[in-house]
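Asker: Sharing a structure, written as structure tokens. Questions coming.
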Amino acid sequence: MSALVLAPAGRRLKALARAELTLLGRNRGALVTALLVPVALPFSVRPAVDRMDLKAQGLSVGTVMLTAAIGFSFLFAVYTSLVSAYVARREELVLKRLRTGELGDFEILSGTALPAVSVGLAQSLVLCVGCAVLLDAGTPRAPYLTVLGVLSGLVLCAALAALTATVTRTVESAQITALPLVFVSMLGSGMAIPTEVLPDRLASVCELLPLSPAIRLVRGGWTGQLSGYEVLGAVATTVAWTVLAVFAVRRWFRWEPRR
Amino acid sequence: MDTNEHEHVIEVTDLRRVYGGGFEAVRGITFSVGRGEIFALLGTNGAGKTSTVELLEGLARPAGGRVRVLGHDPYEERGAVRPRTGVMLQEGGFPSELTVAETARMWAGCTSGARPEEEALALVGLTGRAGVRVKQLSGGERRRLDLALALLARPEVLFLDEPTTGLDAEGRRDTWELVRALSDAGTTVLLTTHYLEEAEDLADRLAILHEGRIAVTGTPGEVTARRPSRISFRLPAGYFLGDLPPLAELGVCGHEVDGSLVRLRTRELQRAATGLLVWAERARVELHGLDVRSASLEEAFLGIAREREVAA
């Protein structure tokens, strides 16, 4: 029964994702942002990282740069790119048209997200290998935590993109509506600045930001410094954000332009 | 459920739709469409055509009343209805950067039991444009692409929201022929249009919507039969309406005079025209600009809009 249900759903997702990938390939601006920014940005924070006292926190330049790069991949390959994609499809009435067909609402949103999420996943893998080899980040002590962090971050980014799209009217304004999460995450979620070097009280607030747990898991998987209790907290936070985002999308997502 | 399904593929009962701002676009309409029938919803802009069709397509939940398509609620039971319906929205809905072939491939991948994409494109005459991006298509070509995708699933029920808007005369004829052929093969078609000749030519039955309500419904013949026919002419100088035979005797049910121009309305066109012409012959009066015409759908349509305005 489940195979019978899943086979057509898989076929539909594949068809939609393929079209979406073609569109991504034809949108040069989006492609450059998605592919280059996550690789280039970490180098811009490198000088600052070099000056930090990382040893005391058990960190190295490699692990800090790695989490920064994966975080930027979440933000630029997945989150901002998807906000634009969702808004563009809605404004061109593509989402409305898709809803007249056999695809379910969840399938439409996930099929559209699939290429961007795949780019983010591939990028994270390349970055992990690259940082391990080139920046002496070493090998992860608890790789499953890194994997968990990457996957939960990607899923949450897609859900948050759909949520941001609900309050975005045009593709142009997506560059503004996506900014708050980008800024807050860069500063507070341990991407540009490791949360470990923040004052304790501020750090504990920042731990509750949407992308903080994913970054924490990625970094913790590498350093092996997360206690079971901390892992549990990070997982609970990321699950809570995902559930909240999915609920909000189901409740408020707009399938057609405002008239 | 099954026997019912064969009688009425689409059943609409006291349907209502209210938008966020409180605007009531559909105010309690009832109709049904049988298998293989072509049913047209006519109306001016803002009459509620698209608002109604979107409810039948299951894109929105009605504020009141009931919709059944193939025996199911198209909003609540999406999975049961969608594989058997084809939809053409009023406006596109395709990514402008994909080609025609890529768009068709994507849609076919999302459709169970889809016919080959090439076949669907051939049906609407778009084979030669398969490699062209959607943004480079003309308005008419986009309508035809939309129709091709609606036909991919070999639907039992087809919803066409203004299928020929933007098409040239030839394209319109081609679309009509295609729709007729589909209907002959058993497809049930619900279409909206503001081209009256389209409804007159194509529809087995129609309903004229006005301000969210059905003003009149029936076959095109029935709808026009309820309207009076018209005779208009100019009387030469020195002649007045009173010089004509008594209007009641001619079977005239209404008249207007505008200077020398006389307009008569009658439900007995032959009797009125004969009486008028016999009188003119005997009195040696030449009726300038004589125009005699039976009621058309256009007359019915404009008449309804006028009557409602007066009533309001």
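Asker: Percent of Cα-Cα pairs per 10 Å bin, from 0 to the last occupied bin, for region B:228-294, please list those.
Answerer: 22, 64, 14
Asker: Do the sum for chain B: with -39,500 (n - 2.57) for every DSSP H run of n ≥ 4, divided by all residues, what is the mean residue ellipticity at 222 nm, to the nearest 500 deg cm²/dmol?
Answerer: Calculated mean residue ellipticity at 222 nm is -10500 deg cm²/dmol.
Asker: Might you report the magnitude of the Cβ-based charge dipole of the protein assembly as shown about its Cα centre, with Lys and Arg at +1 and Asp and Glu at -1, to the nearest 20 debye?
Answerer: Once rounded to the nearest 20, the dipole reads 1240 debye.
Asker: Using a Förster radius of 56 Å, what is the FRET efficiency between residue B:115 and residue B:267 based on their Cβ-Cβ separation? Nearest 0.05, please.
Answerer: 0.70
Asker: Also, quick follow-up: Of all the C-alpha pairs in region B:2-224, what % are more than 32 Å from each other?
Answerer: Here the long-distance tail beyond 32 Å is 15 percent of all Cα pairs in region B:2-224.
Asker: Mind listing the Cα extents of the protein assembly as shown along all three principal axes, in Å, largest one first?
Answerer: That gives 119, 46, 43 Å along the principal axes, largest extent first.
Asker: Report, in order of residue number, the helices in chain A meeting two criteria: a C-alpha extent of 18 Å or more along the helix axis, and a mean Kyte-Doolittle hydropathy of at least 1.6; treat each whole DSSP H run as one helix.
Answerer: In chain A, the long hydrophobic H runs are A:143-166.
Asker: Let a ≥ b ≥ c be the square roots of the eigenvalues of the Cα gyration tensor of region A:2-252; is it rounded (a/c under 1.5), or, if not, prolate (a/b larger than b/c) or oblate?
Answerer: prolate
Asker: Please give the helix B:169-184 orientation as an angle from the longest Cα principal axis of chain B, in degrees from 0 to 90, rounded to the nearest 10.
Answerer: 70 degrees
Asker: Angle, helix B:297-311 long axis vs. longest principal axis of chain B, Cα atoms, 0 to 90°, nearest 10?
Answerer: 80 degrees
Asker: Give me the percent of DSSP beta bridges within region B:2-224 that run antiparallel, rounded to the nearest 5.
Answerer: Close to 50 percent.
Asker: Moving on. Suppose only helical runs count, i.e. DSSP H with n ≥ 4. What mean residue ellipticity at 222 nm does that imply for chain A under -39500 (n - 2.57) per run, divided by all residues and rounded to the nearest 500 deg cm²/dmol? Walk me through the intermediate numbers first.
Answerer: Working: 12 runs with 191 residues, N = 259.
-24500 deg cm²/dmol, from helical runs alone.
Asker: Moving on to the next point. Quick one: compute the contact order of chain A, relative version, from alpha carbon pairs under 8 angstrom and 6+ residues apart, as a percent. Write out the running numbers ahead of the final one.
Answerer: On the way: 327 pairs, mean separation 66.5, N = 259.
Rounded, it is 26 percent for chain A.
Asker: Considering only the protein assembly as shown, what is the antiparallel percent among its DSSP beta bridges, to the nearest 5?
Answerer: Counting only bridges with both partners in the protein assembly as shown, antiparallel ones make up about 65 percent.
Asker: A follow-up question, please. Any idea what the relative contact order of region B:2-224 is, in percent, if you count C-alpha pairs under 8 Å spaced at least 6 apart? Present the calculation step by step, with values, prior to reporting the outcome.
Answerer: Details: 456 pairs, mean separation 62.2, N = 223.
Rounded, it is 28 percent for region B:2-224.
Asker: Relative contact order for region B:228-294: what is it in percent, counting Cα pairs under 8 Å that are at least 6 residues apart? Before the final figure, lay out each step's value.
Answerer: Values: 110 pairs, mean separation 33.2, N = 67.
Reported as a whole number, the value is 50 percent.
Asker: Could you put B:19, B:75 in order, starting from the residue whose Cβ has the fewest other Cβ atoms within 10 Å?
Answerer: Lowest to highest Cβ neighbour count: B:19, B:75.
Readers should treat all values here as calculations from the given coordinates under stated rules, not as data from a laboratory. All values derive from a computational prediction rather than experimental measurement. We place every Cβ from the backbone using ideal geometry, glycine too, and count neighbours over all the protein chains shown.
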